[in-house]
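The values are calculated or read from the model by the stated rules, or taken from the named source; none is laboratory data. Keep in mind that this is a model prediction, so the values were computed, not measured. Glycine gets a Cβ as well: all are built from the backbone with ideal geometry, and neighbour counts include every protein chain shown. Side chains included, ligands, DNA and RNA excluded: accessible areas come from the protein's heavy atoms. Shrake-Rupley method; radii C 1.70, N 1.55, O 1.52, S 1.80 Å.
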Amino acid sequence: MHARGQHVGLGAHLAVHGDDLPLGERGPEHVLVHHAHAVGRDVHDRGHRDADEHEQRRHAAQRRLERRAEPWPETRAHQHDGDDDAQDKHGEPHESLLRWRGAWPPPTLSSFGGRDRKLHQPPPTMPPRRRFRMAWLQVRDALRAPVGTEVTVKGWVRTRRDSKAEGGLSFINVHDGTCFDAVQVVATGALPNYASEVAKLTTHCAVECDGVVVETPKGGREIKASAVRVVGWVDDPDHYPIQPKPHSFEYLREQMHLRVRTNTFGAVARVRHTLSMAMHRFFDERGFFYVHTPIITASDCEGAGQMFRVSTLDWVARLSEPGRGGPTPGSEGRAAHFEQDFFGKEAHLTVSGQLNVETYCMALSRVYTFGPTFRAENSNTARHLAEFWMIEPEIAFADLKADAALAEDFIKYLIQTVLRERPDDMKFFDERIEKGLLTRLGEVVDKPFRHLPYTEAVKVLEGAIAKGQKFEYPVKWGTDLQSEHERYLTEQHFKQPVVLMNYPKQIKAFYMRENDPGTDGAPGPTVAAMDVLVPSVGEIIGGSQREERLDRLDTRIDEMGLPKKEYWWYRDLRRYGTTPHAGFGLGFERAMMFITGMQNVRDVIPFPRTPGQAEF
RNA sequence: UCCUCCAUAGCUCAAUGGUAGAGCGACCGGCUGUUAACCGGUAGGUUCUAGGUUCGAGUCCUAGUGGGGGAGCCA
């Protein structure tokens, strides 16, 4: 069941702090590097020393990288299990993954080191702070700090609840976005600004709280405040758009600049970050190089849909010239017109980095690109954006099978990583956005994807029709499968991700490698294309083995009536040391939807661009 | 682009063509180591915009704007 229409707001899920967060130990790794250095210098002669120092610097750099990627000892421990993390493969991994094995983090990790001092200085109107300065901890660290630790937390108020007991008592939930939960700060009437300020705090006031970590009567963790400084008030709390109550996603889209302050969009933002990092790590660990392909493309040959024009010409002035409707496509003035433009030819925003990344693949072997992609199509659905992010790996000396295997490993790696590193947010998605999400993702990780030739898929669908399954559109070999067909395969027939391979040639792009006749017993010519389809989201990956044979590629370009001249550099790749190669494109936002259970693509990207919407 | 549904208080929604309502939120008070708190009270409205029908329009009609869902295209 999905949660369309379910309202998730600030008040929904607060203060599950502290329970069952045993403290871990700080690892000794940070001392090893220096020790190794010292030994190297003393023992070896100069010639060896250079080589050794080089080696040790390399190790040190490697360690630094590892530390940076994995700040917490407990996550590092998991990391060593890598892909074949036994815990993820055998029975009930999720409960254990969800438990926070808290570690006591070094305070510098969360306090920005030296800048701490500046940020701590109170505004002139406030009384000067006495005694000593407490460690500024992020909320996620404060929630795991040992009882008795003196801390400062800085963040925003989620809710405030008051009690008259003990001469005035306020419970302030403070969050700073570093984890799902807020920390509960307890302020008493003894604070000098209790009545004047603390008791008037409303949702999303910015505060700095000093205090000591204590155990609650119920065994949780909270901060007993010794000072609460209000940094920023909320004007007119009655009209503050994000109230501590459920809000619809539709409403929050109209408050795009504020919606990240809610539980749901905070969780989405953190998971999105974690997925980005996981993606880079996945490729880096496998020897891929990250290639920045261009955003602006002047080749008029992308052919993957409507494109956005990039121009420095004054189109508005031209369009308003009397007697002219501006430049019209195909008119004679057109070519002359673009010669005067910035790039000397017609330019657009990219619709795919694939053709560019292929050039790097033919020298670096394994590459990927990750960046924004633009489609000017007037599609208005829960799965389409005009600006979205796409990951496109390309591997040399590889066929379609290797491509599909890479895609499967990739998706599973992303899921495992996010379950391990964001258990709090994933638990929230499981409880409030899509019931059973964790079970579903666990099954995706555990089971091999179902591989199926397109030709077989058509037979499955025809079989289903014979058994009475109704489709709006007919199923016929040689036509693209409709949404309803894909949904039937992933949601009803196989109930898992499905990799469809070897599509009819006539419905696929020119660069896809033509298969030998009769592959899979297909009645017509096919190409080595594959789509990864997943339940509810649909197509999440589209990829193919590329046509590396120049003569075949030329034939395809001619058949499709494409301007061969424009492809001169792409064709060069086939003339000079061509190899079999393959790649795919994964829509990052669709992966987000699949992994979080969010139902609308506009809710998994910070500032969605859709037809008629670029307000924020 | 096509089909379809919707637009009323800060939010979510009621109101048969006949006096504009509730819950939540905000504010005030009561109670309480509270935690989607609870109890009582107060304030809060150009019913999306522009026309039209009618004695009378939140309600019916026309057009526009904005939004949701589905389809196509795709990732």
Next item on the list: Could you please find all residues in the range A:179-203 being open to solvent by 10 Å² or more (accessible area, probe 1.4 Å), in contact with a helix residue (DSSP H, G or I) (Cβ under 8 Å, 6 or more places away or on another chain) and touching a residue at least 60 places away in the same chain (Cβ under 8 Å)?
Entry: A:ASP181, A:THR203
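Would you check if there is a residue in the range A:480-487 being surrounded by fewer than 19 Cβ atoms within 10 Å (Cβ to Cβ) and in contact with a helix residue (DSSP H, G or I) (Cβ under 6 Å, 6 or more places away or on another chain)? Outline the logic, then answer.
The initial filter retains those residues of the range A:480-487 that are surrounded by fewer than 19 Cβ atoms within 10 Å (Cβ to Cβ), namely A:480, A:482-484, A:487.
Checking the rest, the ones that are also in contact with a helix residue (DSSP H, G or I) (Cβ under 6 Å, 6 or more places away or on another chain) come to A:480.
The answer is yes; a qualifying residue exists.
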Notebook entry, point to check: Could you say whether any residue in the range A:232-249 is away from RNA strand B (no atom under 11 Å from the Cβ) and in contact with a helix residue (DSSP H, G or I) (Cβ under 9 Å, 6 or more places away or on another chain)?
Noted result: no
Next item on the list: Go through the residues of the range A:204-220 one by one and say whether even a single one is buried (at least 20 other Cβ atoms within 10 Å of the Cβ) and at pLDDT below 90.
Entry: no
Item checked: Residue pairs meeting the criteria (Cβ under 6 Å; at least 6 apart or on separate chains; first outside any strand (DSSP E or B), in the range A:533-545; second more than 9 Å from RNA strand B (Cβ to nearest atom)) -> A:PRO535/A:THR490; A:PRO535/A:GLU491; A:VAL537/A:MET593; A:VAL537/A:PHE594
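Can you find even one residue in the range A:383-392 that is farther than 21 Å from A:VAL499 by Cβ, out of contact with any helix residue (DSSP H, G or I) (no Cβ under 7 Å at 6 or more places or on another chain) and not hydroxyl-bearing (Ser, Thr, Tyr)?
First, pick out the residues of the range A:383-392 that are farther than 21 Å from A:VAL499 by Cβ: A:384-389.
Now restrict to residues that are out of contact with any helix residue (DSSP H, G or I) (no Cβ under 7 Å at 6 or more places or on another chain): A:386-387.
Cutting the leftovers down to not hydroxyl-bearing (Ser, Thr, Tyr) gives us A:386-387.
The answer is yes; a qualifying residue exists.
When the range A:559-613 is examined, which residues are found to be of a type in the set (Asp, Glu) and away from RNA strand B (no atom under 16 Å from the Cβ)?
The answer is A:GLU559, A:GLU566, A:ASP572.
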Note to self: Just to verify a result, which residue in the range A:250-285, among those that are free of Cβ contacts under 8 Å to residues at least 24 places away in the same chain and assigned to a loop (DSSP other than H, G, I, E, B), is farthest from RNA strand B (Cβ to nearest atom)?
What the structure shows: A:LEU258
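Only one residue in A:GLN506, A:GLN496 is open to solvent by 30 Å² or more (accessible area, probe 1.4 Å) and assigned by TED's automatic domain parsing to the domain that holds A:LYS564. Which one?
Working: A:GLN496 fails: open to solvent by 30 Å² or more (accessible area, probe 1.4 Å).
The conditions single out A:GLN506.
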Checklist line | Unmet requirement for A:ASP181, which otherwise passes all of (1) outside any loop (DSSP other than H, G, I, E, B); (2) of a type outside the set (Phe, Trp, Tyr); (3) under 24 Å from A:VAL268 (Cβ atoms) | finding: (1)
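Being open to solvent by 20 Å² or more (accessible area, probe 1.4 Å) and touching a residue at least 40 places away in the same chain (Cβ under 8 Å) is the filter; apply it to the range A:353-369 and report the residue that is nearest to RNA strand B (Cβ to nearest atom).
Of all residues in the range A:353-369, those open to solvent by 20 Å² or more (accessible area, probe 1.4 Å) come to A:356, A:359-360, A:362-366.
So of that shortlist, the ones also touching a residue at least 40 places away in the same chain (Cβ under 8 Å) come out as A:356, A:359-360, A:362, A:364-366.
Details: A:ASN356: 15, A:THR359: 19, A:TYR360: 19, A:MET362: 21, A:LEU364: 23, A:SER365: 23, A:ARG366: 20 Å.
Restricting to residues being open to solvent by 20 Å² or more (accessible area, probe 1.4 Å) and touching a residue at least 40 places away in the same chain (Cβ under 8 Å), the top hit is A:ASN356.
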